[in-house]
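The block underneath contains the structure these notes are about, expressed in structure tokens.
Derivation of every value follows stated rules applied to the coordinates shown; laboratory data play no part. Note that the structure is a prediction, hence the values are computed from the model and not measured. Cβ atoms come from the backbone with ideal geometry, glycine included; neighbour counts cover every protein chain shown.
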Amino acid sequence: MKINKIILSFISAVAILLSTSAVSFAKVVGDKIVLGAAISLTGKYSSNGVHTQNGYNMAVDRINSMGGVKVGGKTYKFEIIYYDDESNPKRAAQLAERLISQDGVEFMLGPYSSGLTKAIAPVTEKYGVPMVEANGASRSLFTKGYKYLFAVLAPANLYLDVAIRTAVELNGGKGVRIAQAFEQDAFSQDVRLGILDAAKETGSEIIIDDKLPKELNDMAATLVKVKQMKPDVLVVSGHTKGALTAIRQIAEMKVDVPMLAMTHCDAAKLSKQHGKNSQYALCASQWHKTLTYKDNFFKDGMTYAADFQKEFGYDPPYQSAESSAALLVFKDAFERANSFDQKKVRDALAATNMQTFYGNIKFAPGGQNVDKPMVLFQVMCDGAGKCENKVVAPLKWASAKLIHPIPKWSDR
Amino acid sequence: MNKNVILYAAILIFGLAAPFVFPAFKVQLSILCVLIVLATTWNIQGGEMGYNTFGNILFYGLGMYLCASVQVGMFFPLAEWTESGGEKTFVHTPTQFFQGMAAGLVVAAVVPTIVAGLIGYAILGLRGHYFAICTLGLGVAAGEISGGIEIIGAGQGFTTPPFPNVGGLEARGEFFYFLSFGALVLTFIAVRAIYSTRFRLILNAIRDNEDKAEAMGIETMKYKIIGWMVSAFFCGLAGGIMGGLVGYIDSTDVAFDGREMGVFMVLMAILGGKGTLWGPVIGATVFHIFKEGFWTFFLGWQYVALGVLIVVIVIYFPEGIMGWLREKYPERFGEVVDEADRKAQVELK
């Protein structure tokens, strides 16, 4: 039975390998505060994952270059350990474990998307690791009683609520006929629930209610129905790919609908990628550069956008802005806690009440930000075909008037 | 036989001591146990029986959803638990959690076994590529269907009950480690026992020539179905454990994850050497170590590195690690090599 020897030696090799690789870092090394983050660098969320990472990096550089974080009379600098979660919740949960138990990270930044945040939150909660997340908006994240989870963004069910209410208002207060198509994922499904609530309250009727597969690149079936049934509003949500697919196919099939409401238009760079085809699309956004919030680090939205453009070569989508805001929140909490004790930092986070260039931030007991409304912008193009996103609702921030109904394709 | 005892004792001691010696690696080790279970059970079809199935992920995902559903449903209304806007918060007491988990795991193992029997009856008549493609469809369909069932969370996903507040920080990791290690030991013992009977020979006969096996009077259909049911039992069990370990079930990314787990189980079995008892175990371990290594050192390129690894395996180790060892050191596998005879044969060629 010599084969046993082979297997035995194999097992010992594994044991040696494990023991040599068990290196552990401390969370605060020298003058560095090490934060951990699992980010989707590959997979279906990769483009938004990169927006998130750019947002984090931008804020880290800015805070570090402007004096860092002062705790206990000493100055610390932020540093982030990244892993790639491949847009996969299973992987994300493993990486959170790894960041905490192997890399010794004591403070976490969130991943991209609600689904991945849902997978990570139980882990950070178990270890009592405070996590400030900027990209998990699903309502169910905030009803699980998590104590260490803080989200700088407004919950997902509010994303397109405004759009439905605006449509009803323009319809003279009467209910509208809604067609909707949502990707099968935690975030989009939550947006859907928000629409259902809004429809119920306004007496609107949902005439098409389709589910789209993950990583969708075809929604022709829904659009054929839309052409037939002529709804007043078409709502589509499916992250970046959903927005791109919808615009591409609506233009190809010349689907006429008075109002088109979507999510993730700016992350998809719709106005750049599809130009005039994306005109008139209404988009829910957590942030827009023309909003007039201010802080000491990025000054305001316009300055942030310009700096971001210089650094990364594109206009920042709200995913980047909210990610940058997450670090401002952490910095503020560390300084107020004046300690690296996780419990104290957690309590400081819970008491956050500040304004950043991205918006006001104040957390409800569930962890969601209750002090920042959603905005709605519309893609508007000039005669030369240059398209821009202009805020149309709520009125307080509006920089342009909503164009409604959308002109028919035959008249464009 | 004596040496066998030493070997198994060594593995058992290693397995029992591992979470305390390498506490930081508990999760990876738990996942390794699950991977070994999946590779070992895939090998029953793919290796011993010659039926390349991509459908075992169906049982794994089914087990995952069932275990979590039972664990929640025993104590709370399931629909309210999974409803995303639900304002209520449910918390399992420790007793509820462990009772639910135990019952959930039983259901997670038994129901997929029955499902395997039914589906097997319908499709195990297919052979070769047709069977492979048909089973590929099973996993994909299950993912899409489960993504539309509201009571298990649909596209929202299903958060499994959080681990109750007992023991220290490490309790959860240790619990799931020993659960998965237990499943691994159970699977290994069962499969080893099965392989020592006539059943393995029948599976091999089916692989080598199914028509001839039938002509010999073997009811091939019966054995094929039983074989698949055995796999389903342990896949379901592994799925149930994995669901609790990950803490969040998503229809296509976690449960019916044919793209990753479904392919990995095949790769691991082939890497280690299919048609052997130890091959899948070694294959899964090597694969897991490489995978974790790539994820750490080739961030962003991990799939490229993994792809290169697969190409290397296929080119240089087509028979897997065990096959390669067997060719290199046949005498260690109990094969008698007559050196003179071997030379004579080489010269003849």
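Placing unit charges on the Cβ atoms of the charged side chains and taking the dipole of the range B:25-318 about its Cα centre, the candidate lying farthest along the positive direction among B:G117, B:V91, B:N204 is B:N204. Rg and Dmax of the range A:312-412, based on Cα coordinates, read 19.2, 64 Å. Taking every pair of distinct Cα atoms and averaging 1/r, then inverting, what Kirkwood hydrodynamic radius in Å comes out for the protein assembly as shown? For the protein assembly as shown, the Kirkwood estimate is 27.8 Å.
Counting Cβ atoms of other protein chains within 10 Å of each Cβ in B:271-283 and taking the mean gives 1.
Would you please state the base-10 log of I(q)/I(0) at q = 0.27, 0.28, 0.29 1/Å for the range B:213-255, with intensities from the Debye formula using one equal scatterer on every alpha carbon? Scattering profile of the range B:213-255, log10 relative to I(0): -0.89, -0.92, -0.94. With the convex hull drawn around the C-alpha atoms of the range B:174-253, the volume per residue stands at 102 Å³. Among B:141-154, B:104-117, sorting by the average number of other beta carbon atoms lying within 10 angstrom of each residue, highest first, gives B:104-117, B:141-154.
Across the range B:25-318, the relative contact order, built from alpha-carbon pairs under 8 Å that are at least six residues apart, equals 37 percent.
The helix-based estimate of mean residue ellipticity at 222 nm for the protein assembly as shown, built from -39,500 (n - 2.57) per DSSP H run of four or more residues and divided by its residue count, is -17000 deg cm²/dmol to the nearest 500. Computed 3J(HN,Hα) for the range B:92-97, one whole-Hz value per residue from the Karplus formula 6.51 cos²θ - 1.76 cosθ + 1.60 where θ = phi - 60°, is 6, 6, x, 4, 4, 4, glycine and proline marked x. Both radii were evaluated on the Cα set of the range B:19-157; the Rg over Rh quotient, with Rh as the Kirkwood radius, amounts to 1.03. One compactness figure for the range A:324-368 is 1.07, namely its Cα radius of gyration divided by 2.2 N^0.38 Å. The Cα center of the range B:25-90 and the Cα center of the range A:89-129 differ in position by 20 Å. The mean number of partner chain beta-carbon atoms within 10 angstrom of a residue's beta-carbon across peptide B:23-33 is 4.
Per-residue shielding of A:79-86, expressed as the average number of other chain Cβ atoms within 10 Å of the residue Cβ, stands at 2. Kirkwood analysis of the range B:25-318, using all unique Cα-Cα pairs, places the hydrodynamic radius at 19.6 Å.
Dividing the C-alpha radius of gyration of the range A:278-358 by 2.2 N^0.38 Å, with N its residue count, gives 1.29.
Could you work out how far apart the two model spin labels at B:M216 and B:I310 are, taking each label as a point 7 Å from the Cα in the direction of the beta carbon, and quote it in nm? For the pair B:M216/B:I310, the computed spacing is 3.4 nm. When you filter the GluC sites (Glu not before Pro) in the range B:193-273 for DSSP loop state and at most 14 other Cβ atoms inside 10 Å of their Cβ, you are left with B:E219.
Volume of the convex hull of the range B:207-349 (Cα atoms only), normalised per residue: 188 Å³. Taking the empirical scaling 2.2 N^0.38 Å for compact globular proteins as reference, chain A has a Cα radius of gyration ratio of 1.06. If you wrap the Cα atoms of the range B:1-78 in a convex hull and average its projected area over all directions, you get 8.4 nm².
The C-alpha atoms of chain B define a longest principal axis, and helix B:128-146 lies at about 10 degrees to it. The share of C-alpha pairs in the range B:158-214 whose separation exceeds 14 Å stands at 71 percent.
Our summary gives chain A a relative contact order of 16 percent, counting only alpha carbon pairs under 8 angstrom and 6 or more residues apart.
Eigen-decomposition of the gyration tensor built on the alpha-carbon atoms of the range B:75-215 gives equivalent ellipsoid semi-axes of 38, 23, 11 angstrom, largest listed first. Ellipsoid semi-axes for the range B:137-292, based on the Cα gyration tensor and the rule √(5λ), read 33, 21, 15 Å when sorted largest first.
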